[in-house]
Amino acid sequence: MELLTPVRRGRLAGTGDWRAQYRALHMTPQEALTWIRDGDVLAFSAMSNWPREMDTALAQRLQTQGGHIEVDSHFIPAGTRLLTPECAGHVTYNSNFFGVERTLAPMGNVHYVPTHLSQTPDWLISRHPRVAVLTCSPPDENGWMSRSIWGTVLNRRLLEQCELVLVEVHPDMPYIESDGPFHTKLHVSEVDGIIETSGPLVETATVPGNDADRRIAGYIADMVDNGSCIQLGLGGLANAIGENLVYAGKRDLGVQTEVLSTGIMELMKQGVVNNSCKQVCTGRTVCAHLVGGQSLWDFARENPAFCQKEIDFVNDSRVIAQNRNVVSINNAMEVDLTGQVNAETAGSRQYSGTGGQLEWVIGSQWSPGGKSILALRSSYTDKSGQLRSKILPQLSPGAVVTTPRTWVQYVVTEYGVADLKYKSLRQRAHALVAIAHPDFRGELRRWAEGQLF
């Protein structure tokens, strides 16, 4: 394993060993606040790694003393103190992926930034943050801390250009193995202040799949050959796909994925995933973020079968394509009859984010023998109880195109698989009508015949 070398020079770099530096860097949130200026731009890590001590301390100061800061991140945890109505006039928050953020956007100070997920480091750097604040694991015997679960939101390139790097150290944050270029470790000598924290880590509940998800998963499992390198998204469908891959007796699968969930953990435990056929990080599961709960944290902790990497490595289509037989599997919210896919908005309202979908669509199709799969349930029931189709003549008014029709390959619903690659508009429409909910096939076919043919 390659020996890592600290790059950034923290406030006490070169003064004694790392243990002495750690003790000297220790401070309270209130002491750290003295370094935060009015008007500062701060970059925060996300979800489980959200710096809760600084969040609370900053919110209290802004409410009592006034002032204004900008915070840039994504996927904030529920209960964030800085993003409350009381702080709305004091905080501008920018995110390139919405989770909890979608419920806070009506406050007027929460803004979405359209980027691909691999562009997160460059987007954050473009905001010129003076301060980076993140949560890490305790250091290992050599003084290296893992940025861990969601730590790759704050890329090393970003940390190296910030004037001030503050780290909250959480005793339960798992140490995730990472090495080589694009590693996700941070040395004690590279930081300017350390705040010790505790309390439950933010978990994401496992979502069970429904009958439609299981039918979709069955089609997808048939499309995954032994030895493939897979990328899975989140949610009930992803978990159902994992279960089907086990039932189908798949072997020697590899994983490179932006988000690693409990479903992939189970595939690794079952021996379905062993990464033996991968070309990138052979023998190891590669991911940027981990989404789940304590069982996943325990499984990933110091597990040599993992290699966590920066998001601009994991989601680089050129890196993805270095693996053979990549199968990328991502969710969609709706698709129109020409093949345009919306995976991020409900009408004009930002629901999630552009994320890494297009990066994986392209990377998997560049991969020798690769496949790109976009999956969605064929229909949904709206708030009034009316059944609606997710395959539409045209995308909903205001909806954005996450993946353009020129890059869409396979679309899968519970009614089958549509292969759209290099197909005419007529062929695409026929293929998509065939996998739509039966209640809508007639009207979809009539619209296509009147408008496309």
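The values are calculated or read from the model by the stated rules, or taken from the named source; none is laboratory data. Treat the numbers as computed from the prediction; the structure is a model and nothing was measured. Note: ideal-geometry Cβ built from the backbone for every residue, glycine included; neighbour counts use all protein chains shown. For accessibility, only protein heavy atoms count, side chains too; no ligands or nucleic acids. Shrake-Rupley method; radii C 1.70, N 1.55, O 1.52, S 1.80 Å.
Taking the conditions exactly as written (in contact (Cβ under 8 Å) with a residue 40 or more places away in the chain and outside any helix (DSSP H, G or I)), does residue 369 satisfy them or not?
Yes: the conditions hold for residue 369.
The residues listed here are 336, 312; of these, the one that is among the acidic types (Asp, Glu), more than 30 Å from residue 158 (Cα to Cα) and in contact (Cβ under 8 Å) with a residue 12 or more places away in the chain is 336. Taken over the stretch 422-440, the residue count meeting the criterion of being open to solvent by 60 Å² or more (accessible area, probe 1.4 Å) and not hydroxyl-bearing (Ser, Thr, Tyr) is 7. Say whether the condition of being surrounded by fewer than 14 Cβ atoms within 10 Å (Cβ to Cβ), basic (Lys, Arg) and modelled with pLDDT of 95 or more is met by at least one residue in the stretch 79-88. Within the stretch 79-88, not a single residue is surrounded by fewer than 14 Cβ atoms within 10 Å (Cβ to Cβ), basic (Lys, Arg) and modelled with pLDDT of 95 or more.
Here's the yes/no breakdown for (1) in contact with a helix residue (DSSP H, G or I) (Cβ under 8 Å, 6 or more places away or on another chain); (2) modelled with pLDDT of 95 or more; (3) under 18 Å from residue 56 (Cβ atoms):
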| site | (1), (2), (3) |
| --- | --- |
| 159 | yes, yes, no |
| 170 | no, yes, yes |
| 174 | yes, yes, no |
| 185 | no, yes, no |
| 192 | yes, yes, no |
| 204 | yes, no, no |
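Would you check if residue 46 is in contact with a His (Cβ under 6 Å, 6 or more places away or on another chain) and surrounded by 21 or more Cβ atoms within 10 Å (Cβ to Cβ)? Here the answer is yes, as residue 46 does meet what is asked. Going by the structure shown, is residue 300 surrounded by fewer than 24 Cβ atoms within 10 Å (Cβ to Cβ), aliphatic (A, V, I, L, M) and on the phi < 0 side of the Ramachandran plot? Considered against the rule, which asks whether it is surrounded by fewer than 24 Cβ atoms within 10 Å (Cβ to Cβ), aliphatic (A, V, I, L, M) and on the phi < 0 side of the Ramachandran plot, residue 300 comes out as no. Among the criteria (1) in a strand (DSSP E or B); (2) open to solvent by 30 Å² or more (accessible area, probe 1.4 Å); (3) more than 16 Å from residue 433 (Cα to Cα), the one residue 384 does not fulfil is (1).
Just to be sure I understand, how many residues within the stretch 178-200 are buried (at least 20 other Cβ atoms within 10 Å of the Cβ) and farther than 25 Å from residue 358 by Cβ?
13
Table: residues versus (1) at pLDDT below 95; (2) on the phi > 0 side of the Ramachandran plot.
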position: 11; (1), (2): no, no
position: 14; (1), (2): yes, yes
position: 25; (1), (2): no, no
position: 28; (1), (2): no, no
position: 42; (1), (2): no, no
position: 59; (1), (2): no, no
position: 66; (1), (2): no, yes
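Between 338, 345, 413, the distinction of being open to solvent by less than 40 Å² (accessible area, probe 1.4 Å), under 23 Å from residue 105 (Cβ atoms) and either of a type outside the set (A, V, I, L, M) or more than 18 Å from the chain's Cα centre (by Cα) (or both) belongs to 345 only. I'm checking my understanding of the structure. Among residues of the stretch 311-334 that are β-branched (Val, Ile, Thr) and open to solvent by less than 10 Å² (accessible area, probe 1.4 Å), which one is nearest to residue 123 (Cα to Cα)? Only one residue fits best here, namely 311.
Being in a helix (DSSP H, G or I), open to solvent by less than 50 Å² (accessible area, probe 1.4 Å) and in contact (Cβ under 8 Å) with a residue 40 or more places away in the chain, is that true of even one residue in the stretch 7-15? Don't jump to the end; show me each part of the working.
We begin by selecting, within the stretch 7-15, every residue in a helix (DSSP H, G or I); these are none.
No, every residue in the stretch 7-15 fails to be in a helix (DSSP H, G or I), open to solvent by less than 50 Å² (accessible area, probe 1.4 Å) and in contact (Cβ under 8 Å) with a residue 40 or more places away in the chain.
Could you list, in sequence order, all residues of the stretch 160-177 that are open to solvent by 30 Å² or more (accessible area, probe 1.4 Å), touching a strand residue (DSSP E or B) at 6+ places or on another chain (Cβ under 9 Å) and within 18 Å of residue 297 (Cα to Cα)? If the condition is that a residue be open to solvent by 30 Å² or more (accessible area, probe 1.4 Å), touching a strand residue (DSSP E or B) at 6+ places or on another chain (Cβ under 9 Å) and within 18 Å of residue 297 (Cα to Cα), then 171, 177 are the ones that fit.
This table checks each residue for (1) in contact (Cβ under 8 Å) with a residue 12 or more places away in the chain; (2) closer than 29 Å to residue 198 by Cβ; (3) crowded, with 16+ Cβ neighbours inside 10 Å; (4) touching a Ser or Thr at 6+ places or on another chain (Cβ under 8 Å).
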{"residue": "103", "(1), (2), (3), (4)": "no, yes, no, no"}
{"residue": "112", "(1), (2), (3), (4)": "yes, no, yes, yes"}
{"residue": "120", "(1), (2), (3), (4)": "yes, yes, yes, no"}
{"residue": "124", "(1), (2), (3), (4)": "yes, yes, yes, no"}
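Here the stretch 234-250 is the region considered, the condition is being open to solvent by 10 Å² or more (accessible area, probe 1.4 Å) and among the aliphatic types (A, V, I, L, M), and the residue that is nearest to residue 357 (Cα to Cα) is 234.
The residue of the stretch 202-222 that is most open to solvent (accessible area, probe 1.4 Å), among those that are within 18 Å of residue 293 (Cα to Cα) and not charged (D, E, K, R), is 208.
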